[in-house]
Every structure is written in structure tokens, then in C-alpha cells.
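Here the structure is laid out as C-alpha cells; the discussion comes afterwards.
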Amino acid sequence: MNNATMPSRDIYITSSTGEDCYPTWDEALDALAKLPSEDVKSVRLIPGETGSISRGSNYYFDTHLMGLSGNGTEQDPWPDLAAAAADLAQDGAAAKNVTIEIKRRVIFTATRREDWKRIQQYIVQFIFFLMVMALVIPVVAILGYLFYKAMPALSYSFVFENPRDRMTAGGIWAPLAGTFFLVLISLLIAAPIGVFAGIYLNEYAKNNWLNRLIGLAVVNLAGVPSIVHALFGLGAFVLFANFGESLIAASATLAIMTLPVIITSTREALAAVPMSFREACWNMGATKWQTIRTIVLPNSISGILTGVILQVARAAGETAPILFTGAAFYLKVADKGAGYWFPYGLNDKVMALSMHLYTLMTQVNNAPEEIVYGTAVVLIGLVLAVNSLSIGLRVYLRSRKKW
Amino acid sequence: MTPHVEFRNVTVQYGNHIALDDISLNILPKTIFGIIGPANSGKTTFLKCINRTIDFIDAAKVEGDVLVQGESVARKRNVYELRRRIGMVFPLPVGLPLSIYENVAYAPRRAGMNDPVELDALVERCLTQSVLWDEVKDRLHSLGTKLSGGQQQRLTLARALSHRPEILCLDEFSIAIDPVTTMKIEDVLLELKDQMTIILVTNLVQQAHRLTDQTAFINASKLIEYGDTEEMFSDPKNELTKRYVTGDFG
């Protein structure tokens, strides 16, 4: 519309989208009135060098304020552009060489890329959620199925009575106690060795080939299949150390199996304590041991304990390592007295829950289904209880973390 | 006067990187010795050589001799005795995950001081010297790690003073501290000069000028020049030093 036929009367309407030129004031106001009011924030009249206008130069405009019939002041804005045009027509007739500047309201509008980013975000989140569900559904299904099948058997007496009638009746006290002692003794062996070894490797060991080799050995030990541990336990503890197939041999084998993970988790927990804490202590003349005792251990104990407890759960569930080293199919144990609470000596063979379950499934022809499932539920309940304990402990110790 | 700290042809290498190249200098007792120089020129390594925390860096190799009161630190059997005599403040503020009180009492306790009255007095003295006492005296038993960065920096200084050092090494102590507090600490340092030798590493050339008796300029691992501060700033012998102290460097 750039028809500059009458230069002396040129009226410009400028906005962020460009500048239009109109030959007369009336034409300019017509165009102004037709603009979409919602997009405009303010209108400003700028007299040119030779221009003139009878009223002031700043006019305001706000369609978002309700019920207005203002006259274009900041306090009293015009309701829309038509009103603005009508108002300006009255006293702007003589105007010439004036620019009407329109400020557009800045509105947030997403670009297509931003829209896509938003959608992408939801898609990715949904995929991850599906993966979590893929994890949770089997857990719930397994637990639910086991509980459903085990319901008829589950009772106080099932847990605290010994198996009877060639394991086709009675409870699971003997294997439960066996598992308890196996885990307890393996923990007594593995926890001190593992934690102290982890402290040495993380806090004292220099970064040389020997210590890298040790680190590699620990990692590889963690990868050794448990049946291989069993074979080692048979050779080392049962035969060489002459423990025979016994509680102590089986516990030692379990300890060897859990050691590498305890060492690794201890190292990781220690490494999470910032190096600057140690340096600050060393700079004050504290020894490494003083630093470990006063600063490093108090702030890593939650991680260390978590690692240890998770290994308890693993040791409770493993069958293979105790298979050749001390587990028994069936043992007759006392139904009351000290023999009831402590059914096994260190050199006796033991029953264990995992082994008991295997025996019931494969060796006993007419074992009632609910006893099999009941054993499984108690075993998995034991593992879950230990894991919950570990989580609870971690939450408690984390809440006392000091940085 | 025998030097308090003496560097004799000290060279430090981290693998292939030379961090200090053949440094020899003397630091006189009861003076403030400034070390200035651009980043990554070996200033922090210099301090780590004195209290032998350089030992904790596996790759570091130290040649030459660092002597404290005429004794080679490398030949010290009990390095903890050496470190107790040297207070060290590094630029990153580190509040130990203990209470403010225990932060300051840490070193004295490790050294066997257990009398509560003595400890109280010591904690108050150290926190006052590091201009932190007024801000924390009502919450001495809250966590040191919860303090602001600048407060933790001063806590670090209080800790360094807690074991009554003979040598106080300050590495950029004022980096997180506001100018007013910095001035107060500078005043304290000038008072402390009667009791200890202070080695001050600083990026603020003016701070070195204000505080120090002698200054060394280290650039790219090499000692360019060192001497009386007044002389260094008014009449530097080396062109590089002149440009650095006048701010025309690079």
C-alpha cells in the first residue's frame, strides 16, 4: 500500500511486522480500526519533523481490561482499535506526516521444534514407565501366585514345626534354622574381611600394578558362577581343610561367594565421600586411620551396611554353593529344648530352605503342593525382609548424612 | 637470619608435566611471604611440598630438598609432627561433616587435647582470628557443612590455626570472602606475623603488595624473581614481573 502520492500528508502505521504508508489520516484510521485488537498493546503517535497533532502522543490500549470505554490514557485505555480510530478522527484531521506506532502484545507461542520437544519428553517418559512396569508386574505376579498356592499351608506351626513323615507333612523349622545359621556364620566370616579389604583397597592402596591386579581379581571373583564356588568349597574346606560336609564348610563357601560384592560395595561407599574431606584432615596432621575413623566411615557406613545386608539376602537364597559342602536332604532334629533352637553343630550337615525346596520338588514323590509353595513363600519372605531392612537402614543413615 | 622454609633446587613432576622447575628460595621467619603468578603455574604444588601432602598424589615425583628450620621434610620419619606445625588453607572451602565446634577442635582432639575448658578457649580464639566468631557463636553445634561458602572458607582458616602452626600457608584464602571481611582477616594476618611465618599464595597482586614482606613471582613452573615486596613492585628486575605486577600481562 505504499502509494506516496501526497508526501506532505503521509501517515505511517508501523508495527513489528513492518510499516505501511497511507496518504490521508482517514485512510490510516480505517486501516487501524480493521487491525485485530487482541494483538495490540499500545498505540503511539509520533509527529514527524513537520507534523502536528493536537493531542499528546502516547495512547494506551488494553483489550484484556473489562468494561472500559476509556480515552487512551494509561489509566484509562481504549477498549479496542475501533474506539481508538474514532477518537483520533475527531482531533487528528489536520494531522500530517505522523507515524502511528503499534506495539504488539508479546505472546508466548511455541515453535514446532518446541512442540516436538514436549511430545518427545512424554514419549520417553512413557517408555521408561513401561520398563518399570515390566519389572513390577512379574514381581507382583510371582508373589501373588506363590501366596495363593501357599495359603492353605501358611501358619505359625508351619514355620515353627519340623518336617515329618518323610517331609510330606509338618513345617519347615529345621531348614529355616539351617539357613539362619548358614547366613549368620558366612556373614561373620565375610563381613569383616570384606569391609576391611575394601577400606584397604580404597584408602591405602596406591595405584600400582599389584593393586590393579587385586581389584581385577575381586571383580572376576564376583563373576564366578556359584556352582564353581561350590566345587572350590568342596576342595578347599570339605576335603583339604578336612571340615567334612558341614555347617562350617558350607558357611565358608557362602562367605567366599559374597566377599567380592561386599568388597566392591564397600569401596564404592568409601569413594562417595569427597576427597576434599580427607585432604582437609591430612593437612591438619591427622593420620589416615584417624581420618577414616572420624570422617570417612561415619559418612559411608550406610552404603557399606547396605552392601553387606544385600549379600545376606543373596546367601540365604543360594543353593549351589551348599550343595556339596554341607546341605542335607533330610535330618531328624529335636522338637524341643536347646536342640530345637540350635539344631546343628559346626561340624554337622544342615538343612537349608533353598535346598529343602529343591528336595521337595525333585526327591519327594508325594509332597503336598502347599508345603512346597509355603517353603518358597517363607524363603522369598526372608529375602524381602532382609532387603527391606537394608532399605530402612539406608534411609535412616542417609537422613543423618551431614553434607 | 636462618630461613624458616628453604627450597633447594626443588623440581616436581606429575608424570610428564613439570609442575615446579628447579625452585630455590628462602622464606624468613615471622614474615609474610607472598607468591604470585598466573593459574596453573605451580603455586599450590609449592605449598604441598612444604607439608608433604604431595605424597598423596601418586604420580608426583619430587626432586631436591625442602627444609623447614634446616631439616629436610623428605627425611622426616613422622610426617604428622611436620603437618601439625604447618597450617594449610586451600582455596576450596571445606567444612568437615561435623559441627562448627568440632571442625575447629578436630586437630587438637587428634593431638590428644581433651580438656573442655581448654578446647572452648581454643575454639573461640581460632574463630575470632578468622573473623567468624560473631557469626557462629550462637550455633557452634550446628553443622559446619551448612555454612555459606565464605563462612566455610573462614572455618577452614580457623581449623588451620587450631593446631598452633609455626607456618601458615594460605592458598587464595579470600576467594569466597567479601572485601570487608577480607580486610579484617588481613589485619589479623598482620598481627599473627609476630607468632608465625605466613606464606600467602594470591591472585590479587594488590593483596600481595599490601601484606607481604617478600614476594616471589612464579610463572609456568619457574621462579622468575623473588625479593623484598617493595622492590618487586617498584623496581622489578625482570620484564615479565614488571608486566605482571602492573597488570599488563598476557
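The values are calculated or read from the model by the stated rules, or taken from the named source; none is laboratory data. The structure presented is a predicted model; accordingly, all values stated were derived computationally and were not measured. As a convention, Cβ positions derive from the backbone with ideal geometry for all residues, glycine included, and neighbour counts pool all protein chains shown.
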## Note on the structure
Counting only residues in the stretch A:10-36 that are more than 15 Å from A:Ala84 (Cβ to Cβ) and loosely packed, with under 14 Cβ neighbours inside 10 Å, the one modelled with the lowest pLDDT is identified as A:Ser16
### Message
Any residue that is assigned to a strand (DSSP E or B) and either modelled with pLDDT of 90 or more or more than 9 Å from chain A (Cβ to nearest Cβ) (or both) - is there at least one of those in the stretch B:77-84?
### Response
no
#### Entry: Output for the stretch A:289-307, where each listed residue is hydrophobic (A, V, I, L, M, F, W, C) and buried (at least 20 other Cβ atoms within 10 Å of the Cβ)
A:Ile292, A:Ile295, A:Val296, A:Ile304, A:Leu305
### Message
If A:Lys206 satisfies all but one of (1) within 14 Å of chain B (Cβ to nearest Cβ); (2) touching a residue at least 12 places away in the same chain (Cβ under 8 Å), what's the number of the condition it fails?
### Response
(2)
### Message
Being in contact with a helix residue (DSSP H, G or I) (Cβ under 7 Å, 6 or more places away or on another chain) and either surrounded by fewer than 24 Cβ atoms within 10 Å (Cβ to Cβ) or at pLDDT 85 or above (or both) is true for just one of B:Thr182, B:Thr197, B:Thr202, B:Thr145. Which residue is that?
### Response
B:Thr202
#### Entry: Odd one out for B:Tyr106, checked against (1) at pLDDT below 90; (2) facing another protein chain (nearest Cβ under 8 Å)
(1)
### Message
Please go through the stretch A:277-306 and give me each residue that is more than 19 Å from B:Leu143 (Cβ to Cβ), within 11 Å of chain B (Cβ to nearest Cβ) and of a type in the set (Ser, Thr, Tyr), ordered by number.
### Response
A:Thr287
### Query
Where in the stretch B:122-230 are there strands (runs of 3 or more DSSP E), lying wholly inside it, with at least 3 residues that are within 14 Å of chain A (Cβ to nearest Cβ) and touching a Gly at 6+ places or on another chain (Cβ under 8 Å)?
B:167-171
### Task
Run down A:Val183, A:Val159, A:Val132 and say which single residue is under 32 Å from the mean Cα position of the chain (by Cα) and surrounded by 14 or more Cβ atoms within 10 Å (Cβ to Cβ).
A:Val183
### Query
Do we have any residue at all in the stretch B:38-59 that's at pLDDT below 90, in a helix (DSSP H, G or I) and touching a Pro at 6+ places or on another chain (Cβ under 9 Å)?
yes
#### Entry: Residues of the stretch B:73-99 satisfying the condition of being more than 30 Å from B:Leu147 (Cα to Cα) and either in contact (Cβ under 8 Å) with a residue 24 or more places away in the chain or buried (at least 24 other Cβ atoms within 10 Å of the Cβ) (or both)
B:Val73, B:Lys76, B:Val79
